[in-house]
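Engineer: Got a structure for you, written out below as structure tokens; questions coming shortly.
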Amino acid sequence: MPFCGMLFTEDLQESRHTVNFPMNASPSKTLMLLLLCCAALALLPWKGHAVPLQASPLPPGGLSTEEVPQFVLLGFDDNPQPEPMQWLLDFLDSRSHQDGSPVRVAFYSNGKYLEQNPELQELHRSAWEQGHEIGNHTQSHFQGEDFTVQEWVDEIEHCQQVFASIGIPNDAVTGFRTPFLAYNAATFEAIERVGLQYDSTIEEGYQSDQDGTNFLWPYTLHEGSPGNQSEFASNPSKHVASHPSLFEIPIHVFIIPDDTACAELGLQPGLRKRVARHLLTHWNWQWSVEQGKLSGLDWNVLEMAGLDAPTFLGILKHNLNLRRSGNKAPMMIGAHSAMYPASHPERRQSIEQFVDYALSFSDVRIVTPNTLIQWLQDPLPMQHGETP
């Protein structure tokens with residue numbers, strides 16, 4: 001049973017679509033009205049059905065791995081404190097892809113932290129205006145695996161109202177992640193009812209035939225979720241049913257480097273055995289050294305497994321290397337901005353050095369989930385290293 005990333009204390013705790021129409025053809029009044037109606041509909045919150053996207057290890061659109069970017073997504077949860085978020089924004093603003101395009105991430109925030117904090121409100125507005133994505137992480141950060149549909153709806157809608165009250169419109173907030181990655185069947189009914197476009201909660205990659213080179217690409221929930229079916233096959237209360245309107249951007253497990261990979265990364269050998277001993281001693285978890293899989297969140301590596309920042313950096317590099325040597329499934333890194341305070345400069349360096357490492361590859365694109373979904377709906381090949 002995998003452990004999910006958690007934030008245990010209160011302390012720790014764009015895609016804006018512009019629709020352009022070819023107006024130089026002097027369209028008739030009827031056509032003009034039709035186009036205006038389409039424009040208005042395009043700006044409404046997501047309510048429709050996504051084009052079905054099968055859960056598959058193959059890149060979409062029949063593209064080869066040589067033709068697709070290696071997407072990397074950083075999703076920071078909670079975001080209760082201004083200073084670590086400001087560090088992230090400043091650092092990301094100083095970086096760009098090799099073609100000059102900006103580096104953008106997602107902030108899955110809780111409404112409760114924003115309500116009485118003007119500085120945090122301004123940071124969120126600024127992040128959104130710069131093209132970073134703001135996602136819904138519920139209002140209260142409760143453990144909700146036993147929530148009803150209405151309880152989930154209330155938490156999500158309250159958070160949406162807080163975003164709107166600080167100047168971030170609801171049509172800009174289309175993604176969701178549950179606190180603690182804890183969910184049930186009602187979660188997805190609520191997400192669909194509220195009208196969000198995607199979820200990024202479900203873990204994938206624990207299946208024994210997946211090794212980091214062949215993880216599933218993001219998919220729509222028209223047939224549920226393979227990761228959910230694998231983990232909760234015998235628990236109907238947690239079974240994700242068909243939700244054709246929702247994309248799932250899964251959080252894949254981290255593959256902890258084996259000794260061969262440790263040597264290549266400059267890490268001390270025996271890493272998997274050290275993780276296993278720590279998890280058994282502190283969590284009574286009989287962790288599989290052979291599989292070497294851990295939930296893909298920073299908390300699980302730095303706190304739960306008790307590893308240091310340089311080792312975390314090595315794990316991030318290793319998992320990116322596996323992706324790029326395999327099917328290039330997008331790499332969503334679950335993170336928490338509060339885990340990178342100024343008092344932990346070594347942790348900040350691990351994020352900064354990983355971003356720089358990723359940007360050293362011409363095929364890597366560090367983008368928001370919304371940007372990824374746009375590409376998934378119309379997958380075009382990269383050409384000459386240009387941003388898709």
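Engineer: In the list 367, 355, which residue meets the criterion of being within 17 Å of the chain's Cα centre (by Cα) and over 21 Å from residue 199 (Cβ atoms)?
Structural biologist: Result: 355 is the single residue among 367, 355 that is within 17 Å of the chain's Cα centre (by Cα) and over 21 Å from residue 199 (Cβ atoms).
Engineer: Given (1) open to solvent by less than 30 Å² (accessible area, probe 1.4 Å); (2) in contact with a Lys or Arg (Cβ under 9 Å, 6 or more places away or on another chain), identify the lone condition not met by residue 114.
Structural biologist: With (1) open to solvent by less than 30 Å² (accessible area, probe 1.4 Å); (2) in contact with a Lys or Arg (Cβ under 9 Å, 6 or more places away or on another chain) applied to residue 114, the lone miss is (2).
Engineer: Is the stretch 83-95 home to any residue that is assigned to a strand (DSSP E or B) and surrounded by fewer than 19 Cβ atoms within 10 Å (Cβ to Cβ)?
Structural biologist: No, every residue in the stretch 83-95 fails to be assigned to a strand (DSSP E or B) and surrounded by fewer than 19 Cβ atoms within 10 Å (Cβ to Cβ).
Engineer: Could you check, for the stretch 136-150, whether at least one of its residues is at positive phi, of a type outside the set (Lys, Arg) and touching a Pro at 6+ places or on another chain (Cβ under 9 Å)?
Structural biologist: Checking the stretch 136-150: at least one residue is at positive phi, of a type outside the set (Lys, Arg) and touching a Pro at 6+ places or on another chain (Cβ under 9 Å).
Engineer: Still on this structure, please answer the following. Go over the candidates 314, 334, 292 one by one and state the one that is in contact with a helix residue (DSSP H, G or I) (Cβ under 9 Å, 6 or more places away or on another chain) and on the phi > 0 side of the Ramachandran plot.
Structural biologist: 292
Engineer: Does the stretch 334-361 hold any residues that are among the aromatic types (Phe, Trp, Tyr) and either open to solvent by 50 Å² or more (accessible area, probe 1.4 Å) or in a loop (DSSP other than H, G, I, E, B) (or both), and which are they?
Structural biologist: 340, 357, 361
Engineer: Could you say which residue among 158, 132 is buried (at least 22 other Cβ atoms within 10 Å of the Cβ) and either modelled with pLDDT under 95 or not hydroxyl-bearing (Ser, Thr, Tyr) (or both)?
Structural biologist: Checking each option against the conditions leaves just 132.
Engineer: It is to be established whether one or more residues within the stretch 28-46 are open to solvent by less than 40 Å² (accessible area, probe 1.4 Å), at pLDDT 95 or above and more than 30 Å from residue 341 (Cβ to Cβ).
Structural biologist: No, the conditions are met nowhere in the stretch 28-46.
Engineer: At least 2 residues that are within 19 Å of the chain's Cα centre (by Cα) and under 28 Å from residue 102 (Cα atoms) in each: list the helices (runs of 4 or more DSSP H) lying fully within the stretch 116-216 that qualify.
Structural biologist: Here the list reads 118-129, 149-165.
Engineer: Let me ask something else about it. Inspect all residues belonging to the stretch 197-215 and state whether any of them is buried (at least 23 other Cβ atoms within 10 Å of the Cβ), touching a Leu at 6+ places or on another chain (Cβ under 9 Å) and on the phi > 0 side of the Ramachandran plot.
Structural biologist: yes
Engineer: Across the stretch 99-115, what is the total count of residues that are under 10 Å from residue 166 (Cβ atoms) and part of a helix (DSSP H, G or I)?
Structural biologist: Of the residues in the stretch 99-115, 2 are under 10 Å from residue 166 (Cβ atoms) and part of a helix (DSSP H, G or I).
Engineer: Let me ask something else. Tally time: how many residues in the stretch 57-82 are open to solvent by 30 Å² or more (accessible area, probe 1.4 Å) and either assigned to a loop (DSSP other than H, G, I, E, B) or of a type in the set (D, E, K, R) (or both)?
Structural biologist: Of the residues in the stretch 57-82, 7 are open to solvent by 30 Å² or more (accessible area, probe 1.4 Å) and either assigned to a loop (DSSP other than H, G, I, E, B) or of a type in the set (D, E, K, R) (or both).
Engineer: For the list (1) at pLDDT below 95; (2) out of contact with any helix residue (DSSP H, G or I) (no Cβ under 8 Å at 6 or more places or on another chain), I need the number of the one condition that residue 209 fails.
Structural biologist: Unmet for residue 209, out of (1) at pLDDT below 95; (2) out of contact with any helix residue (DSSP H, G or I) (no Cβ under 8 Å at 6 or more places or on another chain): (1).
Engineer: Here's something else I'd like to know. Can you tell me which residues in the stretch 309-333 are over 22 Å from residue 61 (Cα atoms) and outside any helix (DSSP H, G or I)?
Structural biologist: Result: 333, single match.
Engineer: For the condition among the hydrophobic types (A, V, I, L, M, F, W, C), modelled with pLDDT of 95 or more and open to solvent by 10 Å² or more (accessible area, probe 1.4 Å), what is the one hit in 176, 180?
Structural biologist: Only one candidate passes the filter, namely 180.
The values are calculated or read from the model by the stated rules, or taken from the named source; none is laboratory data. Model, not experiment: these values are computed from the prediction. We place every Cβ from the backbone using ideal geometry, glycine too, and count neighbours over all the protein chains shown. With ligands, DNA and RNA removed, areas are computed over all heavy atoms of the protein, side chains included. Shrake-Rupley method; radii C 1.70, N 1.55, O 1.52, S 1.80 Å.
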